[in-house]
1. Of the conditions (1) without any contact (Cβ under 8 Å) to a residue 12 or more places away in the chain; (2) open to solvent by less than 10 Å² (accessible area, probe 1.4 Å), A69 satisfies every one except a single condition; which number is it?
2. Which condition number in (1) open to solvent by less than 20 Å² (accessible area, probe 1.4 Å); (2) more than 16 Å from the ligand (Cβ to nearest atom); (3) touching a Cys at 6+ places or on another chain (Cβ under 8 Å) is the one that C113 fails?
3. Quickly run through region 18-31 and pick out the residues that are part of a loop (DSSP other than H, G, I, E, B) and either touching a helix residue (DSSP H, G or I) at 6+ places or on another chain (Cβ under 9 Å) or open to solvent by less than 60 Å² (accessible area, probe 1.4 Å) (or both).
4. Out of all the residues in region 48-64, which are within 20 Å of E289 (Cβ to Cβ) and touching a Gly at 6+ places or on another chain (Cβ under 8 Å)?
5. Do we find a residue being under 21 Å from the mean Cα position of the chain (by Cα), free of Cβ contacts under 8 Å to residues at least 12 places away in the same chain and open to solvent by 10 Å² or more (accessible area, probe 1.4 Å) anywhere in region 5-17?
6. Out of V217, V199, V181, report the one residue that is within 21 Å of L284 (Cα to Cα), assigned by TED's automatic domain parsing to the domain that holds K134 and in contact with a Ser or Thr (Cβ under 9 Å, 6 or more places away or on another chain).
7. Which residues, taken from region 272-288, are in contact (Cβ under 8 Å) with a residue 24 or more places away in the chain, surrounded by fewer than 20 Cβ atoms within 10 Å (Cβ to Cβ) and assigned to a loop (DSSP other than H, G, I, E, B)?
8. So, in region 254-271, how many residues would count as being on the phi < 0 side of the Ramachandran plot, outside any helix (DSSP H, G or I) and more than 16 Å from the ligand (Cβ to nearest atom)?
Amino acid sequence: MNYKISKRAASLAPSLTLAIDSKAKAMKAAGEDVVGFGAGEPDFDTPQHIKDACAKALAAGFTKYTPSAGIPELREAIAAKFKRENGLTYKPSQIIVSCGGKHSCYNVILATCEEGDEVIIPAPYWLSYPEMVKLAGAKPVILQTTDKTEFKVTPEQLRAAITPNTRLFILNSPSNPTGSVYTPEETKALGDICVEKNVLIMSDEIYEHLLYDGAKVKSVASFSPAHYDHTIIVHGLAKAYSMTGWRLGFLAAPEPIAKAIDAVQSHSTSNPTSFAQKGGVEALNGSQEHLPVWLAEYDKRRRYAHAKLNSIPGLTCVNAKGAFYLFPNISKTGLKSAEFCAKLLEQEKVAAVPGIAFGADDYIRLSYATSMANIEKGLARLEKFCKSLVK
Ligand SMILES: *Cc1c(COP(=O)(O)O)cnc(C)c1O
């Protein structure tokens, strides 16, 4: 049988990360002592009070369809979060709850972009953005950055990339994969250009709470009513509450866009899981006490890993003030990222994600959402590997 694959599906890049990941998993299953730096998720458990709220809802039979955009209680809790933490006023009707922040991103792109539209994406980027843009039939326009600017695009770079076809600019701060954080001034400067040029901004703020070294962020929506009108904020519970498997994300948008996204969602996935939403309400309205504890632990690992990476011959690593990733430069080892990661896994049993997956072949991504003992063991092996390359 000769199966016809749609142009849209066929246009997607196969996942390079999956190849390494499945190899690492197979090695682990075979009893090998693999140290994994690949995780894109917290290593902590979901806080107990959140699990309890979900279990209670499930036991009480809260198991039916909900409104497609989420239960009113959760949309209100999200609106209250934006008011409390960001000083932003959204009506619950401007909030859509989706099946993960990834789904929120996809809904935004699908509801705003089409054939002929260009979407500006700074690289290194979260690997799903360009593929989502292609699925919508639009064209990703990649803005390359390097560690020299801490992986941040400059206002000049953004301005030069905007054409009459530019529909959307994707901003992700703190960033996956680099951990970079735009200062409020830098964020405003990019927002100003989008307002001036009438370009929408999709601001992915899922790592908002994971900040170190006193770093501060300010949502691009918050600088003026015009910035607010040009911004769609994408957010979720996965990272700050360790709820990756719950599949709960949300977005806040100008009313007409929220309405369009509600329509898209109502004909595709419908509502996110009913009882998970009850856990989401508890996450946002309940105790936030876990967060400083997690942040202290992440920060300890980050400081250790950052210093260690810079002591390894052939590697340099800029400081990263957010998320739970470091993105060291491997160019002095003479290897490109896919070969580097494949050999690292083979020779030293350390799994890392090649930068090429994020549009940056001179780097690898290391997640420090793993125990200090793993980090020490894995980086010692990485050091041995690099010493074998750099003579
Ligand atoms: C993890 C992540 C998301 C959302 O993940 P979900 O599990 O779908 O909620 C969105 N954007 C970035 C950059 C991420 O790293």
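1. That leaves (1) as the condition not met.
2. Here C113 meets the rest and fails (3).
3. If the condition is that a residue be part of a loop (DSSP other than H, G, I, E, B) and either touching a helix residue (DSSP H, G or I) at 6+ places or on another chain (Cβ under 9 Å) or open to solvent by less than 60 Å² (accessible area, probe 1.4 Å) (or both), then no residue fits.
4. H49, I50, K51, A53, C54
5. yes
6. One residue alone meets the criteria, V217.
7. Passing the criteria: T273, G286, S287.
8. Total satisfying the criteria: 2.
The values are calculated or read from the model by the stated rules, or taken from the named source; none is laboratory data. Note that this is a predicted model, so its numbers are computed, not measured. Note that each Cβ is placed from the backbone with ideal geometry, even for glycine, and that neighbours are counted across all protein chains shown. These accessible areas exclude ligands, DNA and RNA; they are computed on the full protein's heavy atoms, side chains included. Shrake-Rupley method; radii C 1.70, N 1.55, O 1.52, S 1.80 Å.
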